[in-house]
Every structure is written in C-alpha cells, then in structure tokens.
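Have a look at the structure below before the remarks.
The values are calculated or read from the model by the stated rules, or taken from the named source; none is laboratory data. Everything quoted here is computed from the prediction, not taken from an experiment. Cβ: placed from backbone, ideal geometry, glycine included. Neighbour counts: every protein chain shown.
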Amino acid sequence: MNFDFSAWLVLFTLVSGLILLYDRIMLAPERRKRVAAIASGMTPPAEPWFVEYARSFFPVFLIVLLLRSFIVEPFRIPSASMMPTLLIGDFILVNKFDYGIRLPVINLKIIENKIPAHGDIVVFRYPEDPSIPFIKRIVGVPGDHVVYKDKAIYINGVQQEQQENGAYQGTGAGIIADGDLWFNEKFNDNPHQILIAESGRAGRDFEVNVPEGNYFVLGDNRDNSRDSRYWGFVPDENLVGRAFFIWMNWDTQKKFIDWIGWGRIGTILQ
C-alpha cells in the first residue's frame, strides 16, 4: 500500500485545527473565568496537553499543506526512464500552479491556468494506479497526430529535430545507459536531450491521435521507459504539475566522496 502524504497532511491539519477551535469555544472561556477568580500574581491554569500540541503543530501543518498543494511539491527520481535529463537520485521540485489549482486529495481543479505544452516535463498520477507518481515528457497534446517511427517523432506530420552528440557516458546508478546514443531533440523550439539504445534494440513504433482532455508522454530514455506507448494516455485530471528544478542529487552507487552531485544542484529543467 502506498503512503498518501497529502491525505495524512490534510487529516493532521484538520484535526489540529478542530482542537484549536474546540479550545477557543469550550475550554478557553473556562480558563479565563478561573484566572479572573485567582488572586493577582497566581499562575494561570495550564492548557490541556493536546491543545498545546495542536497550537504548536497546526501552523506547520497548514503552511506545508498550502505549499505542497498549491505552489511546489518535492519528488525523488527513482528510475532511469528520464535520463539524461533526470538521473537516478535527483530530487526535483514540481510547480503545482502552472496547470491550475487543484484541491488536495480529491484533485478537483478549481482555478484554470496554463495549458500543458509539447516538451513539458510533467509529474502525474499513473493511470493504471493513481497512487503512484510518474514523470515523463509531453509529446502529444489534445488533437495531435503523433507518430514514432525508426526512433524519430512526427507531430502532425512534422518530424521533430534530432542532433546526435555521440555516446553517452553514464556513471553511478546511470551506468546502465553508458554507451547509448545521446541526442539533442527539439519540440516546437523546446530543446531537450534524449538517449537511444546503441545496441540496435528495436523501438516500439506507434501512431496515435490524442483525444481531448488527454496527453501522450514519453521518457527521454526512449528505449528504457515504460510510458504512453505501453499503457496509453494521461488524462488531464491526473496531472500533478510541471517539473522545473533540481535541488539535490544523491547517488550512493558512486564513490562515497561523490554521493552528492553538486554540479546538478540548482539545474533548471527543460
């Protein structure tokens, strides 16, 4: 069973808030009466322990809830499917505001904002198990005709630009991609990097029309990504936000002195 942090955070915020409300309405007036009846200089009655805890933790729970639900949310990259853009052990921030404001837990959109675009790196709830967050790159938006053939992408009949950079040199947990072909790719002037297996592994070709309210996504590690080619489209209601920043990299597959990837910290994603 996956731990739903958002649901627990909402619960903790609600419980602590209700305790403070109960204290204000029911307990605090009694304390004030007792204090007034005590001679001047006496120590006032103490708050119940659960009210003290609620008073301490409610602001923390509320601030974290607002930040994670409506502004940014942190995620950790567990797989190689988005190499070379994202490496195993990258810790990223996801913009929760770009694609509209959604209520936590029920994920109901209450404020519209930008529309996801070709090339955006998005975090979404995996359609086959919404409790699992996935991260991929948007290749097709509603209304697009998308073709993937001979490891090249065609969007509405236009082949997207690819420029080879040679062999990729993987290190640490990314050694699995060492020797793969490394390309610059561009979607409508949105540049990014991808990997294609040099071993001659057959690609999973496809041709699709993206329906309204859905998106077609691929991993940047094209031959090592389980994405829309395998399980279909991402509904708009499954979108969590746009990944935009790497704030930490931690790879224990490297030498101890290199566990922290200092050079990746502060990277802006594109």
- Test: residue 132 is buried (at least 16 other Cβ atoms within 10 Å of the Cβ) and either among the hydrophobic types (A, V, I, L, M, F, W, C) or modelled with pLDDT of 95 or more (or both): no
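Identify, from the list 163, 169, the residue that is more than 27 Å from residue 123 (Cβ to Cβ), assigned to a strand (DSSP E or B) and out of contact with any His (no Cβ under 9 Å at 6 or more places or on another chain). Before you say what the answer is, go through the steps one by one.
Numbers: 169 fails: assigned to a strand (DSSP E or B).
Among 163, 169, only 163 is more than 27 Å from residue 123 (Cβ to Cβ), assigned to a strand (DSSP E or B) and out of contact with any His (no Cβ under 9 Å at 6 or more places or on another chain).
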- Task: Sort out which residues of the stretch 172-209 are touching a residue at least 12 places away in the same chain (Cβ under 8 Å) and either acidic (Asp, Glu) or in contact with a His (Cβ under 8 Å, 6 or more places away or on another chain) (or both), and write them in order of number.
- Result: 180, 184, 185, 186, 187, 188, 190, 198, 205, 207, 208, 209
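Does the stretch 235-249 contain at least one residue that is assigned to a loop (DSSP other than H, G, I, E, B) and either over 16 Å from residue 82 (Cβ atoms) or not β-branched (Val, Ile, Thr) (or both)?
Quick first cut of the stretch 235-249, residues assigned to a loop (DSSP other than H, G, I, E, B) only: none.
Looking for residues that are assigned to a loop (DSSP other than H, G, I, E, B) and either over 16 Å from residue 82 (Cβ atoms) or not β-branched (Val, Ile, Thr) (or both), one finds none in the stretch 235-249, hence no.
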- Tally, over the stretch 9-41, of residues that are modelled with pLDDT of 80 or more, surrounded by 12 or more Cβ atoms within 10 Å (Cβ to Cβ) and farther than 21 Å from residue 66 by Cβ: 2
- Query: What are the pairs, 6+ residues apart or on separate chains, where a residue within the stretch 103-115 that is on the phi > 0 side of the Ramachandran plot has its Cβ under 8 Å from a residue that is in a loop (DSSP other than H, G, I, E, B)?
  - Reply: 105/4
- Query: Would a scan of the stretch 179-191 turn up a residue that is over 26 Å from the mean Cα position of the chain (by Cα) and in a strand (DSSP E or B)?
  - Reply: yes
- Failed condition for residue 94, given (1) within 13 Å of residue 219 (Cα to Cα); (2) among the β-branched types (Val, Ile, Thr); (3) in contact with a Lys or Arg (Cβ under 7 Å, 6 or more places away or on another chain), with all others met? (1)
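Given the criteria modelled with pLDDT of 95 or more, in contact with a Phe, Trp or Tyr (Cβ under 9 Å, 6 or more places away or on another chain) and of a type in the set (Lys, Arg), does residue 204 qualify? Steps first, please.
On the way: modelled with pLDDT of 95 or more: no; in contact with a Phe, Trp or Tyr (Cβ under 9 Å, 6 or more places away or on another chain): yes; of a type in the set (Lys, Arg): yes.
No.
Kindly evaluate residue 216 against the criterion of being touching a helix residue (DSSP H, G or I) at 6+ places or on another chain (Cβ under 7 Å), under 25 Å from residue 130 (Cα atoms), in the same structural domain as residue 97 (by TED's automatic domain parsing) and at pLDDT below 90. Give the derivation first.
Numbers: touching a helix residue (DSSP H, G or I) at 6+ places or on another chain (Cβ under 7 Å): yes; under 25 Å from residue 130 (Cα atoms): yes; in the same structural domain as residue 97 (by TED's automatic domain parsing): yes; at pLDDT below 90: no.
Against the criterion (touching a helix residue (DSSP H, G or I) at 6+ places or on another chain (Cβ under 7 Å), under 25 Å from residue 130 (Cα atoms), in the same structural domain as residue 97 (by TED's automatic domain parsing) and at pLDDT below 90), residue 216 does not qualify.
Take residue 136 and decide whether it is assigned to a strand (DSSP E or B), among the charged types (D, E, K, R) and under 27 Å from the mean Cα position of the chain (by Cα). It would help to see each step written out before you state the result.
Values: assigned to a strand (DSSP E or B): yes; among the charged types (D, E, K, R): yes; under 27 Å from the mean Cα position of the chain (by Cα): yes.
So residue 136 passes the test.
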- Is it the case that the stretch 198-205 has a residue that's in the same structural domain as residue 79 (by TED's automatic domain parsing), over 27 Å from residue 237 (Cα atoms), out of contact with any Gly (no Cβ under 8 Å at 6 or more places or on another chain) and assigned to a strand (DSSP E or B)? no
- Message: Criterion first (under 19 Å from residue 243 (Cβ atoms), outside any loop (DSSP other than H, G, I, E, B) and in contact with a Phe, Trp or Tyr (Cβ under 7 Å, 6 or more places away or on another chain)) does residue 146 satisfy it?
- Response: no
